[in-house]
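Inspection log for the structure reproduced underneath, given as structure tokens.
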Amino acid sequence: MRLEGIHHITAITGDARRNLDFYTRVLGLRLVKKTVNQDVPSIYQLFYGEEGGEPGASLTFFEYPGIQVGRAGAGMIHRISWRIGLEQALGFWTRRLRDEGLELERVGMRLRFRDPEGLGLELVVSETVDEPLVASHPDIPPDFALQGFDSVRAYARDPERSRPLLTETLGFERKSDAVWEVRGEERGGVFAYDSAPVEYGIQGSGTVHHIAWASPMHEHQNWQDALLGAGARPTSIIDRFWFRSIYFREPSGALFEIATTGPGFTVDESIEHLGERLVFPSALERLRDEIEPSLTPLPDPRASWSKR
Ligand code: ZN
């Protein structure tokens, strides 16, 4: 039983229009699912990722319009890293992000910056052999495009507290001091800890809500059993329509999810039209007439492509 790296990462935005513009136009991800938060269906959940919406590249956002500005503290993820394939891509992204007015920090083969709401992001030249997970974009050469997640970094006061659950239950291996990798048959992902700032965290715009690790369908129930056995107090298995989920908090405080690799985003939309319209999981479809008028209208990020 092995987790197949990162399934998705979910963060919070207070401004869906600006968020959509940044992640699709600037970073070149595809809007692969435009839906609502299944626990708070009056707000959006937007999924950005690779062309087919496969696990391993999906960054999702809940939109709480006008929410307070957040700040990562102990038990919260503070940086998300994507893989890029070539050192030359760092030069391309340096120019592209500087043209957007972003502050950049180059650290070796890493380029660090923040999204418009302060979420810590990074591109890293990766040496992995994992298959690239890439979206198309007319201004971004495919060789330079984001290739899916490399890693996340979280703040912790005492990261050793997480070691037993990470290693004995979840199958992570220590790469270095507070850096842990989990690797399945197809893909791996890294979870690393940095020492937490003194100030407490605030869950608001520009912060990460949770990280989901990927499980094949047939192993999902076993993960819940294993977590129960380890005293990790997982939720029951929740049907999220496009995947199934179990949630629990790891000992340093980060909210973890284990999500199934199927059935996937093409169960209700063809791959050509992913993300173009607002879709509801079937159990929430009855709420559409009530909810849709109150959501921020969003443009189709690809509507202008054919006119170029
Ligand atoms: Zn999730």
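The values are calculated or read from the model by the stated rules, or taken from the named source; none is laboratory data. Keep in mind that what you see is a predicted model, and the values were worked out from it rather than measured. Cβ sites come from the backbone with ideal geometry, for glycine too, and all protein chains shown count toward neighbours. Just the protein is used for accessible areas: all its heavy atoms, side chains included, with ligands, DNA and RNA removed. Shrake-Rupley method; radii C 1.70, N 1.55, O 1.52, S 1.80 Å.
For the chain, the share of DSSP beta bridges that are antiparallel, to the nearest 5, is 65%. In the full protein context, the chain carries 44 Å² of accessible surface per residue, based on a 1.4 Å probe and ignoring ligands, DNA and RNA.
Each 10 Å bin from zero up to the one holding the largest Cα-Cα distance in the range 1-61 carries the following percent of pairs: 22, 53, 21, 3.
Note on the chain: helix-only mean residue ellipticity at 222 nm, from DSSP H runs of 4+ residues weighted -39500 (n - 2.57) and normalised by residue number, equals -3000 deg cm²/dmol. Which residues does the label zone of Ser282 cover in the range 252-269, counting backbone N under 16 Å from a point 7 Å along Cα→Cβ? Once the point is set 7 Å along Cα→Cβ of Ser282, 263-269 turn out to lie under 16 Å by backbone N, inside the range 252-269.
Among the chymotrypsin sites (Phe, Trp or Tyr not before Pro) within the range 88-196, not one is in coil by DSSP while having at most 12 neighbouring Cβ atoms inside 10 Å.
Shape call for the range 128-269 from the C-alpha gyration tensor, a ≥ b ≥ c root eigenvalues: rounded (a/c under 1.5), prolate (a/b greater than b/c) or oblate? Oblate shape, in that a/c is at least 1.5 and b/c is the bigger or equal ratio. Counted residue by residue at 0.36 nm each, then reduced by the alpha carbon distance between them, the extension gain from Arg96 to Glu168 reaches 21.7 nm.
Length, then width, then depth: along the principal axes, the Cα atoms of the chain run 54, 49, 39 Å. For the residues Gly53, Gly231, Gly85, a GNM of the chain with alpha-carbon springs under 10 Å puts the largest fluctuation on Gly231. Inter-part distance, the range 110-139 to the range 232-291, computed on C-alpha centroids, equals 23 Å. Taking Pro55, Pro159, Pro141 in turn, the Gaussian network model of the chain (Cα-Cα springs below 10 Å) assigns the largest fluctuation to Pro141. The range 42-143 gives an Rg/Rh value of 0.96, both radii derived from C-alpha positions and Rh following Kirkwood.
Taking all Cα pairs closer than 8 Å and separated by 6 or more residues, the relative contact order of the chain comes to 26 percent.
Length available on full extension from Ser195 to Thr296: 0.36 nm per residue minus the Cα-Cα distance, which gives 32.6 nm. Counting protein heavy atoms only, the chain has 48 percent of its accessible area on carbon and sulfur, 1.4 angstrom probe.
The stretch between Asp289 and Arg18, if pulled fully straight at 0.36 nm per residue, gains 95.1 nm over its current Cα-Cα span. For the range 196-276, the antiparallel share of DSSP beta bridges with both residues in that region comes to about 60%.
Between Asp139, Asp99, Asp115, the GNM of the chain built on Cα springs shorter than 10 angstrom shows Asp99 fluctuating the most.
When the Debye formula is applied to the Cα atoms of the range 104-184, each taken as the same point scatterer, what base-10 log of I(q)/I(0) results at q = 0.13, 0.17, 0.21, 0.22 Å⁻¹? Here the Debye-derived log intensity ratios amount to -0.58, -0.92, -1.18, -1.23.
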